[in-house]
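The values are calculated or read from the model by the stated rules, or taken from the named source; none is laboratory data. Computed from a prediction, not measured in an experiment: that's the story for all the values here. All Cβ positions, even for glycine, are placed from backbone atoms using ideal geometry, and neighbour counts span all protein chains on display.
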Amino acid sequence: MHPISALLTHLPTLLLFVGVCAGHLALLSVSLNVWYGHPFPKTFLSIQRKLHTLLVPVGLVALWALYGFNPAAAWNPPPTGWDVVPAIYVLCCIVMGLVVLPLATAARVLRRLPALLLSNHTQTIDVAQKLGYKPVGDGKHRNLARLPFNEVFSVDLTEKTFHLPQLPPAWDGLTILHLSDIHLCGTPEREFYFHILDICKDWNPDLLALTGDIVDSPRHHRWVLPVLGRLRWQCAAFAILGNHDVWYDPQRTRRRLERLKIKVLGNSWQQLEVRGQPLVVIGHEGPWFGPPPDLTNCPPDAFRLLLSHTPDNIPWARRHRIDLMLAGHNHGGQIRLPVIGSIVVPSRFSRRYDCGVFHEEPTLLHVSRGLGGQHPLRYNCRPEVTKIVLKASSR
């Protein structure tokens with residue numbers, strides 16, 4: 001038989017085999033993402049991560065042992081008894097790999113940026129090049145930072161301009177420094193943060209918003225004052241804590257932030273006057289800290305700015321008429337494949353809100369990729385610090 005004819009003959013079987021493999025990986029990825037989107041104990045989540053990692057090769061080997069390179073054999077002849085279980089899983093993998101995954105990928109690639117995003121300008125700073133060495137530090141996972149082509153020390157300094165029609169005219173040009181997921185844990189070392197935050201200090205924003213995961217080690221609370229103490233703002237600074245803060249004495253982190261005159265909101269809200277107009281800033285630390293903020297007495301007509309560590313709280317934000325929501329937590333996935341994008345994203349919505357800007361009326365959501373991470377590993381997903389400029393006019 002001619003090679004091309006042989007290839008065409010076996011193409012459906014080959015396509016099914018590829019679909020099963022892709023679907024198996026995708027199902028495990030979604031499962032792990034959803035587990036990590038819930039406030040389970042750290043040890044339990046670590047076990048889940050190891051279990052899912054083990055199931056990747058074990059599942060592929062088991063499917064190959066059962067059906068070889070022909071997944072259709074799972075249903076020919078029709079299975080009976082316990083054979084139905086792997087057959088159903090094969091069918092789920094085929095649907096996920098050949099239908100759901102391609103459609104989801106196409107939707108992500110074709111997704112239009114919200115019309116409320118007027119501009120997005122980025123300057124990338126290679127901190128290792130500026131310092132003359134890689135600021136690897138002494139963190140637990142420091143060797144990951146030495147891997148070739150790792151972008152953990154290349155930071156995107158981004159300026160995004162949002163048009164919010166409900167913005168008071170007096171706030172036209174108001175700036176917010178959005179900083180998230182610093183993860184002080186020894187890697188990168190302090191000089192990395194000093195270099196980046198000194199640049200942020202020169203931005204002189206009106207407001208500072210820290211959206212969680214500040215300390216990620218039992219011995220790096222002492223970095224909070226010298227690192228974040230370099231920041232400056234004109235009106236006010238607010239912060240909330242994230243899931244990693246839960247694990248390392250969160251009250252100590254709150255006290256240190258308050259010493260820097262950064263208001264730690266927790267699950268509460270505060271009203272202040274900015275340029276003569278009322279602004280309500282709300283903190284939402286759920287699901288790791290509860291209960292959710294009570295907005296019963298919150299002024300109904302004031303502009304509402306929400307700080308939430310995870311973007312998973314966007315349904316809550318929409319129900320409570322939040323105008324602008326700032327979040328982090330997902331790190332953009334840290335590793336993003338060409339076309340496919342992120343893979344591992346700790347969210348109940350999996351990859352839906354991995355990073356970027358999303359408009360779901362009445363809420364405009366900005367999800368930062370974060371500045372640090374427990375695992376210093378970044379490929380096609382550089383760390384990020386964002387200066388947000390608010391415009392009352394679309395011009």
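What the table below lists for this structure:
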read-out: Lone qualifier among V100, V152 - being surrounded by 13 or more Cβ atoms within 10 Å (Cβ to Cβ), in the same structural domain as Y379 (by TED's automatic domain parsing), within 30 Å of L55 (Cα to Cα) and out of contact with any Gly (no Cβ under 6 Å at 6 or more places or on another chain); value: V152
read-out: Identity of the residue in the range 85-143, touching a helix residue (DSSP H, G or I) at 6+ places or on another chain (Cβ under 8 Å) and among the charged types (D, E, K, R), that ends up nearest to I343 (Cα to Cα); value: K134
read-out: I196 being crowded, with 16+ Cβ neighbours inside 10 Å and assigned to a helix (DSSP H, G or I); value: yes
read-out: In the range 20-74, the residues that are more than 30 Å from G242 (Cβ to Cβ) and in contact (Cβ under 8 Å) with a residue 40 or more places away in the chain; value: V20, C21, A22, G23, H24, L63, F69, N70, P71, A72
read-out: Filtered residues of the range 210-224 (kept if over 16 Å from E189 (Cβ atoms) and either touching a Cys at 6+ places or on another chain (Cβ under 7 Å) or surrounded by fewer than 17 Cβ atoms within 10 Å (Cβ to Cβ) (or both)); value: P218
read-out: Condition met for R259 (surrounded by fewer than 20 Cβ atoms within 10 Å (Cβ to Cβ), under 27 Å from A170 (Cα atoms) and either more than 20 Å from the chain's Cα centre (by Cα) or of a type outside the set (F, W, Y) (or both)); value: no
read-out: Failed criterion for S350 (all others in (1) more than 22 Å from L177 (Cβ to Cβ); (2) surrounded by fewer than 18 Cβ atoms within 10 Å (Cβ to Cβ) hold); value: (2)
read-out: Residue in the range 280-288 that is of a type in the set (V, I, T), in contact with a Lys or Arg (Cβ under 6 Å, 6 or more places away or on another chain) and either over 18 Å from I322 (Cβ atoms) or surrounded by fewer than 14 Cβ atoms within 10 Å (Cβ to Cβ) (or both) present; value: no
read-out: Among (1) in a helix (DSSP H, G or I); (2) modelled with pLDDT under 90, the one test that S29 misses; value: (2)
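Here's the yes/no breakdown for (1) within 25 Å of R352 (Cβ to Cβ); (2) in contact with a strand residue (DSSP E or B) (Cβ under 7 Å, 6 or more places away or on another chain); (3) loosely packed, with under 13 Cβ neighbours inside 10 Å; (4) among the charged types (D, E, K, R):
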| site | (1), (2), (3), (4) |
| --- | --- |
| L60 | no, no, no, no |
| L66 | no, no, no, no |
| A73 | no, no, no, no |
| P77 | no, no, yes, no |
| W82 | no, no, yes, no |
| A87 | no, no, no, no |
| M96 | yes, no, no, no |
| P114 | yes, yes, no, no |
| H121 | no, yes, yes, no |
